[in-house]
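Just so it is clear, none of the values below were taken in a lab; they were calculated from the coordinates. This structure is a prediction, so every number in the text was calculated from the model and none was measured. No Cβ is skipped: glycine too gets one built from the backbone with ideal geometry, and neighbour counts run over all protein chains shown.
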Amino acid sequence: MRINQFVAQASKLSRRAADQAILDKRILVNGQVATLGLRVSSTDKVELDNQQIKLPQIAQTIIMNKPRGYVVSRNGQGSHTVYELLPPELDNLKAVGRLDKDSSGVLVFTSDGILANELLHPKFVKEKKYEVKLDKALTKEDREHVERGIMLDDGLSALRLSGEDKNWSITMHEGRNRQIRRTFEKLGYKVIILHRTAFGSYEIGNIPSGNWQFAQKTGII
């Protein structure tokens, strides 16, 4: 395993922050300053700021019903963050993907890097489901337009819709930044409520807003 991946999984740092910590000479491997690209094994002693760090032995995965008003980040820069809703012993888990501050619903956290990759990588095609409320009724013509595809700055966006008037259920396999909101904005609609109900096999169920529960364990790291 590369040293930046080890540090990211064994600490609260992101992969990018782990790279920077290595460049800043904050990482030691067996007493020696680590370098980018170094490979480590389970028998190596890895230290961050002179404190030994270790990989979690059992991968943990939880599902949160993210409330509106919280950002998916450790540093909220003045906003509440989803990590405020977790107990200290789960603070090492990494959020998989994003929901913007004004969106709510299923958010997966895990210490399993393989699972995170499967949920995010396009080749695994994980279905996502959302409940959306618009500021005005969606016309038949605009619905057909959305389902055929709207050209955005970062490519075509086609959404599968069911519902009527202002309230719609959306199924999609992509996850570009603010994709749903931008798609409707292109046609003159504003998304008032955006709530994700499913992310792959993970569903919101009856988890109250702001709460979380353990998902099935994903195995040994």
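For this structure, a couple of remarks:
- For segment 8-133, the ratio of Cα radius of gyration to the globular rule of thumb 2.2 N^0.38 Å stands at 1.20.
- Sequence-distant contacts, meaning Cα pairs under 8 Å at least 6 residues apart, place the relative contact order of segment 73-181 at 20 percent.
- Entries in Lys66/Lys166; Lys128/Lys166; Lys54/Lys129; Lys12/Lys45 that, when Cα-Cα distance is taken, lie over 28 Å: Lys54/Lys129
- Alpha-carbon centroid distance for the pair segment 1-79 / segment 108-137, whole angstrom: 23 Å
- The convex hull built on the alpha-carbon positions of segment 68-178 has an orientation-averaged projected area of 8.5 nm².
- About its Cα centre, segment 146-221 has a charge dipole of approximately 140 debye under the convention of +1 per Lys or Arg Cβ and -1 per Asp or Glu Cβ, with nothing else charged.
- Once both labels are positioned 7 Å from their Cα atoms along Cα-to-Cβ, the gap between His173 and Val125 label points is 0.3 nm.
- Placing +1 on the Cβ of every Lys and Arg and -1 on the Cβ of every Asp and Glu, with nothing else charged, gives the chain a dipole about its Cα centre of roughly 200 debye.
- Relative to the Cα centre, the charge distribution of segment 61-116, modelled as +1 at Lys and Arg Cβ and -1 at Asp and Glu Cβ, gives a dipole magnitude of about 160 debye.
- Positive dipole terminus of segment 127-199, leading residue within Ala198, Gly188, Leu134 (C-beta point charges): Ala198
- Counting Lys and Arg as +1 and Asp and Glu as -1 over every other residue whose Cβ lies under 13 Å from the Cβ of His80, the net charge comes to +2.
- Per-residue extension of 0.36 nm, minus the Cα-Cα distance of Ile192 and Met151, leaves a gain of 12.6 nm for this segment.
- Calculated mean residue ellipticity, 222 nm, the chain: -5000 deg cm²/dmol, from DSSP H runs (n ≥ 4) at -39500 (n - 2.57) each, averaged per residue and rounded to 500.
- Summed residue charge, Cβ within 13 Å of Ile53's Cβ, Lys/Arg positive, Asp/Glu negative: +1
- Full extension of the chain between Glu164 and Asn30 gives 42.0 nm of extra length, using 0.36 nm per residue less the Cα-Cα distance.
- Taken over segment 3-53, the percentage of Cα pairs per 5 Å bin, counting from 0 up to the bin with the maximum distance, is 5, 26, 40, 25, 4.
- Taking 13 Å as the straight-line reach from the Cα of Lys101, none of the aspartates and glutamates fall in range once those fewer than 8 positions away in the same chain are excluded.
- Share antiparallel - DSSP beta bridges, the chain, percent rounded to 5: 90 percent
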